[in-house]
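Down below is the structure, laid out as structure tokens.
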Amino acid sequence: KAGVTQTPRYLIKTRGQQVTLSCSPISGHRSVSWYQQTPGQGLQFLFEYFSETQRNKGNFPGRFSGRQFSNSRSEMNVSTLELGDSALYLCASSLGGYQETQYFGPGTRLLVL
Amino acid sequence: AQTVTQSQPEMSVQEAETVTLSCTYDTSENNYYLFWYKQPPSRQMILVIRQEAYKQQNATENRFSVNFQKAAKSFSLKISDSQLGDTAMYFCAFMKLYGGSQGNLIFGKGTKLSVKP
């Protein structure tokens with residue numbers, strides 16, 4: 001089975017712009033979670049989607065949003081980019097049950113100038 | 001709120017030796033899972049091992065084993081016969097079961113492990 005894929009792998013944007021990141025889960029997985037990884041804050045949970053519905057959300061401002069499609073692929077959008085949004089954004093997929101392990105993609109490195 | 005603490009920012013070990021990475025966590029929950037993930041320099045996060053809190057037996061996966069002390073809220077990872085490919089950041093993670101916690105892994109800050117030849 002193919003693993004979790006994320007596109008693009010690298011992205012450079014300027015302050016004020018918006019960006020959309022994409023995540024394709026492992027085949028058969030219906031849950032996708034998103035995390036932000038920075039040197040200062042470490043790994044922080046953004047949100048989780050299951051069957052096109054957001055089930056859980058972390059403590060991030062409303063500029064961070066996401067959605068999930070019927071094929072379980074997910075997108076994350078950040079509007080009005082700030083310098084502090086520079087980070088590695090990781091997505092992880094799982095079957096969706098409470099006890100299911102998450103499997104991570106390679107991440108998208110976002111640099112905001 | 002749950003927290004995960006990894007008190008060793010960096011560690012090193014000689015190839016073929018054994019090393020133990022520490023992790024403590026704070027929670028009032030009784031039902032949860034604990035994980036160790038490995039993130040090599042290539043950045044792909046890989047699951048190393050998983051422990052269900054209701055299981056008293058410590059999980060093992062080949063050269064990797066854990067020492068799970070539920071009362072002490074401690075979850076250490078032992079790597080035996082260390083190999084150069086074990087060089088990576090290791091993250092301890094907690095997941096609460098139920099109660100709106102879906103998909104939410106809480107991570108420690110990580111331990112950077114270097115395996116030296």
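Rule-based calculations on the coordinates, nothing more; no lab input. Values in this document were obtained by computation on a predicted structure and should not be read as measured data. All Cβ positions, glycine included, derive from the backbone under ideal geometry; neighbour counts span all protein chains shown.
Do we have residue B:77 as more than 9 Å from chain A (Cβ to nearest Cβ), under 15 Å from the mean Cα position of the chain (by Cα) and among the hydrophobic types (A, V, I, L, M, F, W, C) here? It would help to see each step written out before you state the result.
On the way: more than 9 Å from chain A (Cβ to nearest Cβ): yes; under 15 Å from the mean Cα position of the chain (by Cα): yes; among the hydrophobic types (A, V, I, L, M, F, W, C): yes.
So residue B:77 passes the test.
When residue B:58 is evaluated against the numbered criteria (1) without any contact (Cβ under 8 Å) to a residue 40 or more places away in the chain; (2) within 10 Å of chain A (Cβ to nearest Cβ); (3) more than 11 Å from the chain's Cα centre (by Cα), which criterion, by number, is the only one it fails?
(2)
Looking for whichever is crowded, with 18+ Cβ neighbours inside 10 Å and in contact (Cβ under 8 Å) with a residue 12 or more places away in the chain here; the options are A:51, A:31. Which one fits?
On inspection, the qualifying residue turns out to be A:31.
Out of A:82, A:75, A:100, I need the residue that is away from chain B (no Cβ under 11 Å) and over 13 Å from residue A:36 (Cβ atoms). Which one? Break it down stepwise before answering.
Working: A:82 fails: over 13 Å from residue A:36 (Cβ atoms); A:100 fails: away from chain B (no Cβ under 11 Å).
None of the others qualify; the one that does is A:75.
Residue check, residue B:104 against (1) outside any strand (DSSP E or B); (2) crowded, with 20+ Cβ neighbours inside 10 Å; (3) within 12 Å of chain A (Cβ to nearest Cβ); (4) touching a residue at least 60 places away in the same chain (Cβ under 8 Å), all met but one. Which one?
The number of the failed condition is (4).
Would you please name the residue that is surrounded by the fewest Cβ atoms within 10 Å (Cβ to Cβ), looking only at residues in the stretch B:62-101 that are touching an Asp or Glu at 6+ places or on another chain (Cβ under 9 Å), part of a loop (DSSP other than H, G, I, E, B) and among the basic types (Lys, Arg)?
That would be B:63.
Among the strands (runs of 3 or more DSSP E) lying completely within the stretch B:6-61, list those that include at least 3 residues that are over 19 Å from residue A:41 (Cα atoms).
On the way: elements: B:10-14, B:19-21, B:24-26, B:32-39, B:46-52.
Answer list for the stretch B:6-61: B:10-14, B:19-21, B:32-39, B:46-52.
Determine whether the stretch A:42-60 contains at least one residue that is closer than 27 Å to residue B:94 by Cβ and touching a His at 6+ places or on another chain (Cβ under 9 Å).
no
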